[in-house]
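Below is one structure, written out as structure tokens; the observations come after it.
The values are calculated or read from the model by the stated rules, or taken from the named source; none is laboratory data. Small disclaimer: the values here were computed from a predicted structure and weren't measured. Glycine gets a Cβ as well: all are built from the backbone with ideal geometry, and neighbour counts include every protein chain shown. Accessible surface is based on the protein model in full, side chains and every heavy atom, while ligands, DNA and RNA are left aside. Shrake-Rupley method; radii C 1.70, N 1.55, O 1.52, S 1.80 Å.
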Amino acid sequence: MTKLRILVIASAFAAIAYDVIWLKDPVGVFWETLLVAVNIMQIAREWYAERRVRLTAEEELFVSARLRGVSKRNAKRLLNLGTWENGVSGMVLTTEGEPVSHVVYLISGEVEILVSDVVVATCGAGNFVGEMSIVGNAPASATATVSRPARFWRIETGKLQVLQETDPEIAGALDVGIAKDLRNKIISLNTSRSGEGLA
């Protein structure tokens, strides 16, 4: 939005120059100047609101890793819809074949991913758990269980889906963040499987 406002200001200055030099139209100059003033005030207001937002160290990690390009204000709005929690070993985050109630983002710890009670992968810091429920709106394809004490942020899938439908900035950034995470998981899984083949 700020970039759009800057573009409006630039075009208004061009219009002011046109009104002054060619048209000699004081009324046009007045309205274009008013447009510039309003947009400068809006930019200042947004800048001030952005500076007032305070993120914790955990929130900063999440935002820098998975919400790039989102304003601090919008990131905080998203983060406030979820909760920060500690997960103990054995805590189940998703159950294979059942609806996913929450999407989880791990800051630390480890989560085992089991399919038919067989461990097929592990997730750690920087990984999402349960994200496929918002990508494909499907039940959990695996059971995710905390295997080492974990710290994570989690949000109800329903809240996240509503936010994705109503806020394109957050939706776009989350889609990119989830895609990067999925890519990293696939690379990690392929690397571990090729290592098993060589062993």
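The table below gives the values:
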quantity	calculated
Positions within segment 1-25 being more than 23 Å from residue 74 (Cβ to Cβ) and charged (D, E, K, R), in sequence order	19, 24, 25
Scan of segment 59-74 for residues that are in contact (Cβ under 8 Å) with a residue 12 or more places away in the chain, open to solvent by 50 Å² or more (accessible area, probe 1.4 Å) and in a helix (DSSP H, G or I), ordered by number	61, 72, 73
Check on residue 78, crowded, with 16+ Cβ neighbours inside 10 Å, out of contact with any Phe, Trp or Tyr (no Cβ under 7 Å at 6 or more places or on another chain), closer than 27 Å to residue 132 by Cα and not small (Gly, Ala, Ser)	yes
In segment 6-22, the residues that are open to solvent by less than 40 Å² (accessible area, probe 1.4 Å) and within 10 Å of residue 36 (Cβ to Cβ)	9, 12, 15, 16
Boolean, residue 133 is open to solvent by less than 50 Å² (accessible area, probe 1.4 Å), free of Cβ contacts under 8 Å to residues at least 40 places away in the same chain and not basic (Lys, Arg)	yes
Within segment 110-131, tally of residues that are in contact with a Ser or Thr (Cβ under 6 Å, 6 or more places away or on another chain) and either among the basic types (Lys, Arg) or at pLDDT below 90 (or both)	0
Filtered residue count, segment 136-171, keeping only those that are among the hydrophobic types (A, V, I, L, M, F, W, C) and either in a helix (DSSP H, G or I) or open to solvent by 20 Å² or more (accessible area, probe 1.4 Å) (or both)	6
